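Heads up: the structure comes next, in C-alpha cells.
The values are calculated or read from the model by the stated rules, or taken from the named source; none is laboratory data. Note that this is a predicted model, so its numbers are computed, not measured. A quick note on method: Cβ atoms are made from the backbone with ideal geometry, for glycine too, and the neighbour counts reach across all protein chains shown. Accessible surface is based on the protein model in full, side chains and every heavy atom, while ligands, DNA and RNA are left aside. Shrake-Rupley method; radii C 1.70, N 1.55, O 1.52, S 1.80 Å.
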Amino acid sequence: MKLDTTLYFITDSTTVPEDRFLPVVEAACKGGATIIQLREKDRSTREYLQLAEAVHAITARYGIPLIIDDRVDVALAIGAEGVHVGQSDMPVRLARKLMGEGKIIGATAKTVPQALEAYEQGADYLGCGAIYPTTTHVKTVITPVETLKDVVKAVPIPVNAIGGLNKDNIFVLKDSGIAGICAVSAIMKAADPETATRELKQAFLELKNSV
C-alpha cells in the first residue's frame, strides 16, 4: 500500500455523538482522505479494539491505510496498516520490531533532533506541530513554521504539519516543503465532513502547486 499523507485525518470521538462517529469516518474517506488515524486516549482496550475493527472495516473498503495511535497491541490485533507513536510512547525502533517491515510507522517530531532520531529508527513519516492552538484534548506545544521547514529539510521521509489547521489558515505552510496536512477538528466538527475533507485537500494541493 503506497504511503500518501496528503490529507491525514485524525479522529476524535469526543467531539461527536457516538452514532455519528463512524459516518464521519466514512465521509472523510469519500471526501478524499489519504490516510486515517484512530486516536483514542480514554477507552479501555476492549472498547478501543471494537472501535478499531469497525473503523478498519470502513477504511479497508476505500483502500485507505488505518493508523492506530500509540497502541501497537491494538494495531496488531486488528491488522491495521500501521501505528503512530509520540515522544512519550514506545520508541520507533521497538514499534518497528513488533509491527514488522511491511507496516507503516509514524512518529511525532517537534524538533530536528527528534526527527532525525525517528527517521534513523525506521519511521515512515513524521507529524510536526502544533502549527496553531488546537481544541483537541491532546497537550500541544506551538511549533514555529521555521522549525517545520528545518524538519522537512533534515529528513528524506514525508513530514506532515498538524495542529489547528483548516482550509482558511494553511497559507502559512506555503513553501514549507511538507508532504501533507493533518486535520482533526476541521473534519470532525464540520457540518458536512465529506465536503470539508474535499475542500481542505483541494486547498492544500493548490497551496503546494503554487510554489
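Would you mention how many residues in segment 167-202 are touching a Lys or Arg at 6+ places or on another chain (Cβ under 6 Å), part of a helix (DSSP H, G or I) and closer than 18 Å to Val145 by Cα? So that I can check it myself, show each step before the final result.
Step one: of segment 167-202, the residues touching a Lys or Arg at 6+ places or on another chain (Cβ under 6 Å) are 176, 194, 199-200.
From what is left, the residues that are part of a helix (DSSP H, G or I) are 194, 199-200.
Then keep just the ones that are closer than 18 Å to Val145 by Cα; that gives none.
Summing the residues that are touching a Lys or Arg at 6+ places or on another chain (Cβ under 6 Å), part of a helix (DSSP H, G or I) and closer than 18 Å to Val145 by Cα in segment 167-202 gives 0.
Residue-wise test of (1) out of contact with any Gly (no Cβ under 8 Å at 6 or more places or on another chain); (2) under 18 Å from Val184 (Cβ atoms).
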position: Val92; (1), (2): no, no
position: Lys110; (1), (2): no, yes
position: Leu126; (1), (2): no, yes
position: Pro144; (1), (2): yes, no
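Every condition in (1) of a type outside the set (Asp, Glu); (2) open to solvent by 60 Å² or more (accessible area, probe 1.4 Å); (3) part of a helix (DSSP H, G or I) holds for Ser88 except the one numbered (3).
Scanning segment 41-73 for residues that are open to solvent by less than 20 Å² (accessible area, probe 1.4 Å), without any contact (Cβ under 8 Å) to a residue 40 or more places away in the chain and either within 16 Å of the chain's Cα centre (by Cα) or closer than 22 Å to Met90 by Cα (or both) yields a count of 8.
State whether one or more residues within segment 144-166 are of a type outside the set (S, T, N, Q), closer than 17 Å to Ala196 by Cβ and part of a helix (DSSP H, G or I). For segment 144-166, residues of a type outside the set (S, T, N, Q), closer than 17 Å to Ala196 by Cβ and part of a helix (DSSP H, G or I): absent. Considering only segment 163-187, state which residues are open to solvent by 30 Å² or more (accessible area, probe 1.4 Å), in contact (Cβ under 8 Å) with a residue 40 or more places away in the chain and in contact with a Ser or Thr (Cβ under 9 Å, 6 or more places away or on another chain). If the condition is that a residue be open to solvent by 30 Å² or more (accessible area, probe 1.4 Å), in contact (Cβ under 8 Å) with a residue 40 or more places away in the chain and in contact with a Ser or Thr (Cβ under 9 Å, 6 or more places away or on another chain), then Ser185 is the only one that fits.
Of everything in segment 115-162 that is within 20 Å of Asp89 (Cα to Cα) and acidic (Asp, Glu), the residue that is least open to solvent (accessible area, probe 1.4 Å) is Asp124.
Checked against the criterion of being surrounded by fewer than 21 Cβ atoms within 10 Å (Cβ to Cβ) and on the phi > 0 side of the Ramachandran plot, segment 93-114 has at least one qualifying residue.
Here is a yes/no grid of residues against (1) in contact with a helix residue (DSSP H, G or I) (Cβ under 9 Å, 6 or more places away or on another chain); (2) under 19 Å from Thr45 (Cα atoms):
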| position | (1), (2) |
| --- | --- |
| Val74 | yes, yes |
| Val92 | yes, no |
| Ala95 | yes, yes |
| Ile104 | no, no |
| Ala115 | yes, no |
| Ala123 | yes, no |
| Thr140 | no, no |
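Per-residue answers, yes or no, for (1) closer than 19 Å to Val141 by Cβ; (2) touching a residue at least 24 places away in the same chain (Cβ under 8 Å):
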| site | (1), (2) |
| --- | --- |
| Ala75 | no, yes |
| Val85 | yes, no |
| Asp89 | yes, no |
| Gly102 | no, no |
| Thr108 | yes, yes |
| Gln114 | yes, yes |
| Tyr119 | no, yes |
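When the criteria are applied in full, Gly122 fails the requirement of being modelled with pLDDT of 95 or more, touching a Cys at 6+ places or on another chain (Cβ under 9 Å) and not in a helix (DSSP H, G or I).
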